[in-house]
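Chemist: Quick one: the structure is below, and I'll ask about it shortly.
The values are calculated or read from the model by the stated rules, or taken from the named source; none is laboratory data. Predicted, not measured: the structure shown is a model, and the values here were computed from it. Ideal geometry is used to build each Cβ from the backbone, glycine not excepted, and the neighbour counts take in all protein chains shown. In case anyone asks, the SASA skips ligands and DNA or RNA and just uses the protein heavy atoms, side chains included. Shrake-Rupley method; radii C 1.70, N 1.55, O 1.52, S 1.80 Å.
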Amino acid sequence: MLFDLQPKTRREDLYDREKELLEFRDALSLGERLLLLLGIRRLGKSSLLNVALRESGFPCAKLDVRSLYFTHGSIPQETLAKRILDSLLESLSAKHKLQLGLEKALSSIKGIRISGIHVEFEKKPDLAELLEKLDSWAEKEGTRVILAFDEAQYLRLSGIQYDGMIAYAVDNLSNLTFVLTGSEVGMLHDFLGLDNPKKPLFGRYAREIILERFTREQSEDFLRKGFEELDFKVTLSEIENAVNRLDGIVGWLTMYGYLRGVRKLSEKDALNELFRKAHALVRDELSSLLSFSRRYGFILKAVALGNHRWSEIKDYVEVKSGHVNDAKFSALLKNLVKYGYLIKTERGYEIPDPVVSEVVKTL
Ligand code: ADP
Ligand code: MG
């Protein structure tokens, strides 16, 4: 169902993204070792990742780095190692022979205990050793192993040099492919440092697949097809109105379709409920930024209210929270761009998501 709220896992529930899936497949068939799926929140990165992994047919591990980080407050090596192996073994559960082969390949690691798809370590595992084992197992089986980290920018907060580990694998382990997604595109780039001579991944090649919002035609077609699937009649003007409010952001379009076509709310109630949910969601997403500096909230509000130029935004923020020096203010703006909350266009700074823009007006 197109209007299912969970990240999609099956090709038939994924609207379009043909080009991106093709590019993903192309990168794998060329044996590329580092893939990035980038785009602001709710454009369907996790969905694309799920479908692409499933279609690849390769053994793969997928980790939700954001939730790992928020559950543990950090990402210790043993947690990462355990999650990688649990997920990998699970991906092989229908391929018994491969699963047994992998268990055997891992059994030489000191202190490892495997039962079914669960792995425990008696002592802190050496992640590099573990990746080497996976690589040689893949080599022997004539396959690739895909290690996917969803919202990978949170790895940078882990206190561990995972960028160094990825660099080591990219350079030496030719049967592994790392796929990293990121909503906070600038933060992910900073973490990887492909262009930063001081970072371990400097100069490495990465395939970047950038998700864009749907065009107006695609957005309308998406809603039409979704409602058709549910046999739910809507007018053309309702569809146009929804796209006017939500733009081509598939996450909001999906939520609208769900509230209207599955929950059967009226057009007005569905939009109200969507904005109510968005309010809670966006506030939660912004909470750690706002706890760091209230000025982030004032900046976003300034932009949402129609101030786009550096100086206009600064004037607004200073009225709200007093003097801030130019360098400090620029740093805050730059961070909001890195976190994906602002983009820079010829008009100046803008909020790329109209729903987020509505929500931050109430901050
Ligand atoms: P992201 O990871 O970029 O934040 P998700 O993959 O979680 O985005 O998708 C956000 C919402 O949009 C989910 O409800 C998901 O089911 C839906 N969705 C995303 N991409 C598509 C697509 N191509 N077709 C149908 N629904 C989609
Ligand atoms: Mg996601």
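Chemist: If you take the residues of region 52-67 that are of a type outside the set (Lys, Arg) and in a strand (DSSP E or B), which of them is nearest to ligand 1 (Cβ to nearest atom)? Explain how you work it out, then say what you get.
Modeler: Filtering region 52-67 down to residues of a type outside the set (Lys, Arg) leaves 52-53, 55-61, 63-65, 67.
From what's left, in a strand (DSSP E or B): 60-61, 63-64.
Numbers: CYS60: 17, ALA61: 18, LEU63: 14, ASP64: 10 Å.
Of everything passing the filter in region 52-67, ASP64 is nearest to ligand 1 (Cβ to nearest atom).
Chemist: Give the residue that is farthest from GLU184 (Cα to Cα), with candidates limited to residues of region 47-80 that are open to solvent by 30 Å² or more (accessible area, probe 1.4 Å), touching a strand residue (DSSP E or B) at 6+ places or on another chain (Cβ under 6 Å) and away from ligand 2 (no atom under 16 Å from the Cβ).
Modeler: Only one residue fits best here, namely PHE58.
Chemist: When you scan region 230-237, do you find a residue that is more than 16 Å from ligand 2 (Cβ to nearest atom), outside the structural domain of SER46 (by TED's automatic domain parsing), in contact with a Gly (Cβ under 7 Å, 6 or more places away or on another chain) and not in a helix (DSSP H, G or I), even just one?
Modeler: Yes: region 230-237 contains one or more residues that are more than 16 Å from ligand 2 (Cβ to nearest atom), outside the structural domain of SER46 (by TED's automatic domain parsing), in contact with a Gly (Cβ under 7 Å, 6 or more places away or on another chain) and not in a helix (DSSP H, G or I).
Chemist: Could I ask something else about it? Is there any pair with a first residue in region 1-13 that is within 12 Å of ligand 2 (Cβ to nearest atom) and a second that is in a loop (DSSP other than H, G, I, E, B) and open to solvent by less than 60 Å² (accessible area, probe 1.4 Å) whose Cβ atoms are under 8 Å apart and which are 6 or more apart or on different chains, and what are they?
Modeler: PRO7/GLY44; LYS8/LEU14; LYS8/GLY44
Chemist: Let me ask you something else. Anything in region 149-168 that is in contact with a Gly (Cβ under 7 Å, 6 or more places away or on another chain) and within 16 Å of ligand 2 (Cβ to nearest atom)? List them, or say none.
Modeler: GLU151, ALA152, GLN153 - these are the residues of region 149-168 that are in contact with a Gly (Cβ under 7 Å, 6 or more places away or on another chain) and within 16 Å of ligand 2 (Cβ to nearest atom).
Chemist: Determine whether region 332-354 contains at least one residue that is small (Gly, Ala, Ser) and in a helix (DSSP H, G or I).
Modeler: No, the conditions are met nowhere in region 332-354.
Chemist: Looking at LEU37, LEU22, LEU30, which is the one that is buried (at least 20 other Cβ atoms within 10 Å of the Cβ) and not β-branched (Val, Ile, Thr)?
Modeler: From the options LEU37, LEU22, LEU30, the qualifying one is LEU37.
Chemist: Looking at region 18-38, which of its residues are outside any strand (DSSP E or B) and in contact (Cβ under 8 Å) with a residue 40 or more places away in the chain?
Modeler: GLU20, GLU23, PHE24, ALA27, LEU28, GLY31, GLU32, ARG33, listed by residue number.
Chemist: Only one residue in ARG42, ARG17, ARG11 is open to solvent by 20 Å² or more (accessible area, probe 1.4 Å) and under 27 Å from LEU342 (Cβ atoms). Which one?
Modeler: ARG42
Chemist: Within region 330-341, does at least one residue satisfy the condition of being at negative phi and at pLDDT below 95?
Modeler: Within region 330-341 (the criterion being at negative phi and at pLDDT below 95), the answer is no, since none of the residues qualifies.
Chemist: Another question, if that's okay. Pairs please, first residue from region 216-232 and away from ligand 1 (no atom under 11 Å from the Cβ), second anywhere and part of a helix (DSSP H, G or I) and open to solvent by 100 Å² or more (accessible area, probe 1.4 Å), Cβ atoms under 9 Å, 6+ apart in sequence or on different chains.
Modeler: Correct list of pairs: GLU220/LEU236; ARG224/LEU236.
Chemist: May I ask you to say which residue of LEU127, LEU173, LEU98 is open to solvent by less than 20 Å² (accessible area, probe 1.4 Å), modelled with pLDDT under 95 and away from ligand 2 (no atom under 16 Å from the Cβ)?
Modeler: Result of the check over LEU127, LEU173, LEU98: LEU127.
Chemist: Also: In region 228-286, which residue that is of a type in the set (Phe, Trp, Tyr) and touching a helix residue (DSSP H, G or I) at 6+ places or on another chain (Cβ under 8 Å) is farthest from LEU342 (Cα to Cα)?
Modeler: Among those residues, the one meeting the criterion is PHE232.
Chemist: Out of (1) open to solvent by 50 Å² or more (accessible area, probe 1.4 Å); (2) in a strand (DSSP E or B); (3) within 27 Å of ARG25 (Cα to Cα), the odd one out for PHE149 is which?
Modeler: Evaluating PHE149 over (1) open to solvent by 50 Å² or more (accessible area, probe 1.4 Å); (2) in a strand (DSSP E or B); (3) within 27 Å of ARG25 (Cα to Cα) leaves (1) as the failure.
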